[in-house]
Structure formats: structure tokens, C-alpha cells
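This report refers to the structure that appears directly beneath it.
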Amino acid sequence: MDIRVSVAAVMLAVAGLAQAQNKAIEAQYWMDLATSSMSIPGMSDDMMESGMMSQMMGGNAFGSTKGPMGGMGPGKWLDTSLWVRAKPAGIDGTHGIPAELRLGPTLPLLPPRSERSRSGEATDEVPEKPKGRILFYWGCGENVRAGQPRVLDFAKADISEYGRFMTGRHAADRGAKSQPGRSVWPNEKDRRRVPKDGSFVGGHAVSGDAVPASLKFAVGERHDFMPKVAMTTRGEPAASVLVNWGSVTNAQAYFLNAMGARGESEMIIWSSSEEPDPGWGLMTYLSPANIDKFLKERVILPPSTSQCAIPKGVFAGVEGAMVNMIAYGPELNLSHPPRPPKADASWQPEWVARVRVKSTGMTMLGMGDEASERRSTRRSRPSREEMREAAPQQMPPRGGEEDTSGMVPPDAVKALRGIFGR
């Protein structure tokens, strides 16, 4: 073979490799799926998942899957976010969805509307130093462990102490975000809720200006919306409260934390972690690597766990207390072409996509089956004064007749007011 031909062939091969290494990802698509539930004695699932309740608790907008309670709106929530390299300002795109999602054939993807910044007037007023203190407990078990609680006294603590007290583990947000350069759903054009029988399983296709024609994929049952977290509590807050839950399909791990108010000057926090971590950064999606890491550190609970006891006396004397729980789901990472089992440095996909799932739940402490039974023996129905107190939470009556079946129980109203200082 002519030496010149051989050299040319080598140069072409090197050029091809360099082009493969330098080829950038053309598009990325993120999808976050959250199932959120609330349990308040006296309120049915249909009432809790009604559109009115969800709007009151912060649903029907982008970001509904974020936070400890997924926006605190009961139901199924979906956030999606598309980035296209060739269109840094974002595009008007379309997400073709399976019929099982019950939202029609497509979802519109739009750049988020920019919000004009609000500049506040300058002031020389020095903010008043907060009063009161926070007590922090951790670990499952009937009794409070030695060395607990940690106490933060606002009258004595400085900013650095506050920071150390509130610090815990956290994970980078690797999912759907509403920010310049991305196209999102829900958006100002479409804020529909995912129906309670909606499923993400099936074929999906994303299209739009400069979106690769190959951005199509399928989602299986393992990465569908997770079932609701179903918690029950047994015991009054002054005693050891046992929290039970049924196994959540596809859960990789669990975590719980609880909070309550004692008077106007004391906040109590508890978490299920074996290490002193309040869990502020854990009540959200976790990557598989972080789930493995935090399981080894005994910060989150293994998927075989079905109960956890809050130690005796932690929430004694509280005016209201609630417990939050999260079931971490699996993560699906997709690309085109699919990533080889042993990809080398030259491998570069045309696009990548990620599906994350979680299920969260909230219930009131001291309002479980046993407590409800004891209260029901003391009175068969709330007094008129309590009904008037609960009136702002009342659902519209049906057929023009007086209907108190949709009223939030007065005990629940009082508890929520105690927690949120209202």
C-alpha cells in the first residue's frame, strides 16, 4: 500500500475520533414525577385530592413536585424542563405523551415568563432578633437518647451557631428547573393537574425547533408515578408515637421528620435519622448514588422498614404537630444512542433525558386511630363554636343544603394553626 494512502487513512480516523469527542449534546430533557398525600381524620381521599384543596396548598404550577410535600398539594404532579443547545433563549416545544396520562395527546413546553425584579425601598431599620428556641431530636425508638435534644436559643445564639445547628446533608438538584433557556410544563398556557388515574407509562416524543428528531423514548412501570404514602400513627404526642406505613412499590428508601410548636416560643424538630440530621435537604429527590451513600450512613431508612417510633415526650404539650415522610423512587437515565456498557471517553450522545420519582405524605401526630376513638367517646360531633372556628376551611355545600361532611375537623384546624403560628 502507498505510504501516502496509509497516512491519509490514519489522519481521517483521527479526525473522526476528534469530531466524536467534540460533538456536544444537542438537547436535555428532565421529568420529575411526585405523588403527594395528606391524611387528616374526618377528611376523605377525594376531599384531600380535590382541585380546591390542591390550589390552597400550592399546586397547579411549575415546581409542584418540589419541596417536602411536593407543594403540599395532594395528588399526582409532573414537572418537565427542556434545554436545546442551539436555542439558548428556549423554544416553544411539544411533549407527545401516552394516552394513559389522561392529559390529551401533547403538553406545550414554553420558556418561563420573566418576572420583573421588585426593588424594595432602602431602610435603616435593624431587624428584631428572633425570640424563643428550637429543640432537635433524632432517631427511631421509644425513648429519647443520651445527649438529646440539641437546643438553639435565639437569645444567645449568633448567626454562625444558627448555621451549624440547621446544617444537614443535601443533594444537588439534577432535575426539572424553571429558568431562562429552558422550556417547561406546567406553564402559563397549561396548568392542568395530572388526573389521579393518570400514568406516565408508554411512549413519549419531544419536538420543536432544533430538537433532535430522535428525542423519543418509552417509560415503563418501574418509573411511573409511585403509590401514595399511607401513614398511620398510634399514641398521643406526650407518649411514644408509633408511625406505621405500608410498603410503597418501587421505594428505594424512606425518611421521616416531624415538627411541632409548644406555645409561641418553642419549635420542636425530630427526624428518623440515626445521625443528627434534621433532613432539610433530604425531603426531595435523591440520586441512586446518594441513596446508597445515605443508607450506609444510616441517615435514611432501608426499603424493608415499615415503622418508626417517635420517642416519648418529644412532642409533649405541643399545640400542633405533623410528620412528613418521603419514599425515594428509582431514577431512569436515557440517551440516544443508548450508552454502551463500557463507554469510553469518545462516546457522546445526541440527547439525554432523566426521569425521577418520589412519593411524600403528611399526617397529624396525636390524631391517629386511637386518639380519634378517645375523642369520639367524649363527643359525637363538634360544638357550634368549633364549627364556626373551622368555617374558613369549609367546602361548598351540595344542593343548597347544610352539609358539614366536608368540613376540616376542628382538631385538625387547631393543630395546623399551632404548627404554622396562626
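The values are calculated or read from the model by the stated rules, or taken from the named source; none is laboratory data. These numbers were taken from a predicted model, which means no experiment stands behind them. Heads up, the Cβs are rebuilt from the backbone with ideal geometry, glycines too, and the neighbour counts pull from every protein chain shown.
Structure above, values below:
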quantity: Matching option when the condition is under 16 Å from Pro105 (Cα atoms), basic (Lys, Arg), touching a Gly at 6+ places or on another chain (Cβ under 9 Å) and in contact (Cβ under 8 Å) with a residue 60 or more places away in the chain, among Arg169, Arg182, Arg193, Arg234; calculated: Arg193
quantity: The stretch 205-236 - residue that is outside any loop (DSSP other than H, G, I, E, B) and at pLDDT below 95 and, of those, farthest from Ala24 (Cα to Cα); calculated: Arg234
quantity: Hits in the stretch 150-160 (condition: surrounded by 13 or more Cβ atoms within 10 Å (Cβ to Cβ), assigned to a loop (DSSP other than H, G, I, E, B) and touching a residue at least 24 places away in the same chain (Cβ under 8 Å)); calculated: Phe154
quantity: Output for the stretch 293-329, where each listed residue is farther than 21 Å from Leu135 by Cα, in contact with a strand residue (DSSP E or B) (Cβ under 9 Å, 6 or more places away or on another chain) and either surrounded by fewer than 22 Cβ atoms within 10 Å (Cβ to Cβ) or of a type in the set (Gly, Ala, Ser) (or both); calculated: Leu295, Pro302, Pro303, Thr305, Ser306, Gln307, Ala327, Gly329
quantity: Residue within the stretch 205-227 that is more than 27 Å from Val194 (Cα to Cα) and either without any contact (Cβ under 8 Å) to a residue 12 or more places away in the chain or of a type in the set (S, T, N, Q) (or both) present; calculated: no
quantity: Matching residues in the stretch 161-172 - criterion: being surrounded by fewer than 13 Cβ atoms within 10 Å (Cβ to Cβ) and either farther than 28 Å from Tyr285 by Cα or modelled with pLDDT of 85 or more (or both); calculated: Ala172
quantity: Residues satisfying the stated conditions in the stretch 240-273, i.e. of a type in the set (Gly, Ala, Ser), buried (at least 18 other Cβ atoms within 10 Å of the Cβ) and farther than 17 Å from Gln148 by Cβ; calculated: Ala251, Ala253, Ala261
quantity: Options Met283, Met267: the member that is assigned to a strand (DSSP E or B) and among the hydrophobic types (A, V, I, L, M, F, W, C); calculated: Met267
quantity: Selection from the stretch 268-288 of residues that are in contact with a Lys or Arg (Cβ under 8 Å, 6 or more places away or on another chain) and more than 15 Å from Asn324 (Cα to Cα); calculated: Glu274, Glu275, Pro276, Ser287
quantity: Residue in the stretch 178-193 that is in a strand (DSSP E or B), modelled with pLDDT of 95 or more and within 19 Å of the chain's Cα centre (by Cα) present; calculated: yes
